[in-house]
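The values are calculated or read from the model by the stated rules, or taken from the named source; none is laboratory data. Nothing here was measured: the structure is a model prediction, and the numbers come from that model. As a convention, Cβ positions derive from the backbone with ideal geometry for all residues, glycine included, and neighbour counts pool all protein chains shown.
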Amino acid sequence: MINYYDNIILLTCVTLYLNAMNVTSVIASASVLRKGHCSSDGIIMWKIIILCTIIGLITTEKATFHNYKVFRITPITTEQVELLRQLVETDEFSFWKEPTAVNIEVDLMVAPHKLPMFYEIMAQIEAPHSIYVENVQTLIDQTTNANQSTSFNFKDYYTIWQIYENLDDLAKQYPDKVKIIVGGKTYQKREIKGVKISFKANNPGIFIEGGNHGREWISPATVMYILHQLLISEDPDVRALAENHDWYIFPVFNPDGYEYTHTTNRMWRKTRDVHGFFCRGSDPNRNWSYKWKSGGSSSFGCSETYAGKAPFSDVETKSMSEYIKTISNKFYAYISFHSYSQLLMFPYGYTKAHLENYEDSLAIAAKSVRSLKKRYGTEYRIGNIGEILYLASGNTADYIKGVYHKPIVFVYELRDRGNYGFLLPPEQIIPTGEETLDSLVTLFKEAKALGYPKDV
Ligand SMILES: [Zn+2]
């Protein structure tokens, strides 16, 4: 099996030149915009930086992020947004939060050896920016303390195996209510395991998707918290929500990617499928067949948003889509959990056009985030994915909406707004779970008030 670092070194040697050309073109574009000409000094500098990068990347097994910084950039003109979007394509930097619109913050992780490049680009683009996370590794160390607890207590993040073991335990503990379901499989031969929870026959179904992107640890944690509450909560509203639905819950849609974030690279997002010589993984939220690659995804195999070779080219999305087909008449609602940004969104992502029940979706979202805010004051923005975030085609929400026309489809971007980003401290798992469940109670109350599900 090809090692990540072998990949990355090879990749760096062969592709950085191309990337540098792209980055240089970003600089050139900025320069042209600013001064009406571009500088050739920058090109020489990139070549030096590339050489340093290659040397710097011959490194250890486990990825570390010492002195990696996260910058918050606030584009104040459409040109700046456009130039930052060009940087996404170069793959030189890791965007924690991609550029979307004027005055919407962008979070960008920069390796220490790329700081000169970053500062030169910023000097050219002239967008306001500041350091938001001083040292990514320090945050990683703070948020990944080894979990010593033998109980599943939500005081820490859990590995894929601890989560699966807990699902098995729950199935044993509640044999008449909880059944293990295996929805799909992964490139590295793991199961995509979930549970079906049912308190009585003929309930309308809700499908819950977590852990689509590896590094978004708060997603599986929140899904597991909600799953537990559906079984044990004594709150009458939660009981009504739990017992009047059938639940199809998959805490980790991308087990290989999630496991990889625990063992090797905390910042990994994609699957671990091998699709070429250099880079691994497709974005499992860009590989679904509905309107595949029609905006907001990349053809570059090393990109964080690589759409894959073809729709369902990755076994994770293909096998899960086949499973979903088998239960497609059993659920009317699909809820997906990502992080971060504090957004409650609905399809579509491939277009900014409004879906058929846009007004209902907006009304439901508005009331849901009001409920979410009550407990801890956490504020969410709402809207359709394409408008509020950026175009993102080939995602699960678009697929469920576009192919199966499900009326209730929502995507959460959970806490926070960038103070910790993907590295949300474990102390925030329970509060995030509590407020998110508050919002789900309202979401389904409001859906019911508006007559959903209409066909059950
Ligand atoms: Zn995500």
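Below are the figures for this structure:
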{"quantity": "Residues being without any contact (Cβ under 8 Å) to a residue 40 or more places away in the chain and within 23 Å of Ser339 (Cα to Cα) - total across the stretch 94-124", "calculated": "6"}
{"quantity": "Every residue from the stretch 59-93 that is surrounded by fewer than 19 Cβ atoms within 10 Å (Cβ to Cβ), in contact (Cβ under 8 Å) with a residue 40 or more places away in the chain and closer than 13 Å to Thr305 by Cβ", "calculated": "Glu89"}
{"quantity": "Restricting the stretch 338-378 to residues that are among the polar types (S, T, N, Q) and more than 16 Å from the ligand (Cβ to nearest atom), the residue that is farthest from the chain's Cα centre (by Cα)", "calculated": "Asn357"}
{"quantity": "Filter pass, Ile218 being more than 16 Å from the ligand (Cβ to nearest atom) and either in contact (Cβ under 8 Å) with a residue 40 or more places away in the chain or of a type in the set (Val, Ile, Thr) (or both)", "calculated": "no"}
{"quantity": "Number of the condition not met by Lys179 [criteria: (1) without any contact (Cβ under 8 Å) to a residue 24 or more places away in the chain; (2) part of a helix (DSSP H, G or I)]", "calculated": "(2)"}
{"quantity": "Matching entry among Ser289, Ser328, Ser313, Ser303 (being of a type in the set (S, T, N, Q), part of a loop (DSSP other than H, G, I, E, B), within 15 Å of the ligand (Cβ to nearest atom) and over 15 Å from Gly386 (Cβ atoms))", "calculated": "Ser303"}
{"quantity": "Every pair of residues 6+ apart whose Cβ atoms lie under 6 Å, when the first sits in the stretch 252-266 and is within 14 Å of Thr144 (Cβ to Cβ) while the second is assigned to a helix (DSSP H, G or I) and at pLDDT below 95", "calculated": "Arg266/Ile140"}
{"quantity": "Positions within the stretch 349-370 being buried (at least 20 other Cβ atoms within 10 Å of the Cβ) and modelled with pLDDT of 95 or more, in sequence order", "calculated": "Ser361, Ile364, Ala365, Ser368, Val369"}
{"quantity": "Residues satisfying the stated conditions in the stretch 391-433, i.e. in a loop (DSSP other than H, G, I, E, B), of a type outside the set (Asp, Glu) and either over 15 Å from the mean Cα position of the chain (by Cα) or surrounded by fewer than 21 Cβ atoms within 10 Å (Cβ to Cβ) (or both)", "calculated": "Leu391, His405, Lys406, Pro407, Arg417, Gly418, Asn419, Tyr420, Pro425"}
{"quantity": "Single unsatisfied condition, Tyr334 versus (1) in contact (Cβ under 8 Å) with a residue 40 or more places away in the chain; (2) under 30 Å from Leu87 (Cβ atoms); (3) within 16 Å of the ligand (Cβ to nearest atom); (4) hydroxyl-bearing (Ser, Thr, Tyr)", "calculated": "(2)"}
{"quantity": "Members of the stretch 409-430 found to be among the aliphatic types (A, V, I, L, M), touching a Ser or Thr at 6+ places or on another chain (Cβ under 9 Å) and away from the ligand (no atom under 15 Å from the Cβ), listed by number", "calculated": "Val409, Ile429"}
{"quantity": "The stretch 251-286, subset assigned to a loop (DSSP other than H, G, I, E, B) and hydroxyl-bearing (Ser, Thr, Tyr), residue farthest from the ligand (Cβ to nearest atom)", "calculated": "Thr264"}
{"quantity": "Residue in the stretch 238-249 that is of a type in the set (Ser, Thr, Tyr) and under 17 Å from the mean Cα position of the chain (by Cα) present", "calculated": "no"}
{"quantity": "Residue that is farthest from Ser368 (Cα to Cα) [pool: residues in the stretch 316-325 that are crowded, with 23+ Cβ neighbours inside 10 Å and either without any contact (Cβ under 8 Å) to a residue 40 or more places away in the chain or within 15 Å of the ligand (Cβ to nearest atom) (or both)]", "calculated": "Glu316"}
{"quantity": "Which numbered condition Glu209 fails, given (1) surrounded by fewer than 23 Cβ atoms within 10 Å (Cβ to Cβ); (2) within 16 Å of the ligand (Cβ to nearest atom)", "calculated": "(1)"}
{"quantity": "Filter result for the condition that a residue is farther than 30 Å from Thr264 by Cα, crowded, with 19+ Cβ neighbours inside 10 Å and aliphatic (A, V, I, L, M), over Ala111, Ala127", "calculated": "Ala127"}
{"quantity": "Counted residues, the stretch 337-362 - those being in contact (Cβ under 8 Å) with a residue 60 or more places away in the chain and assigned to a helix (DSSP H, G or I)", "calculated": "1"}
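One line per residue, one yes/no per condition, for (1) within 16 Å of the ligand (Cβ to nearest atom); (2) within 21 Å of Leu414 (Cβ to Cβ); (3) not in a loop (DSSP other than H, G, I, E, B):
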residue	(1), (2), (3)
Glu165	no, no, yes
Ala171	no, no, yes
Gly184	no, no, yes
Tyr187	no, no, no
Lys193	no, no, yes
Asn202	no, no, no
Val223	yes, yes, yes
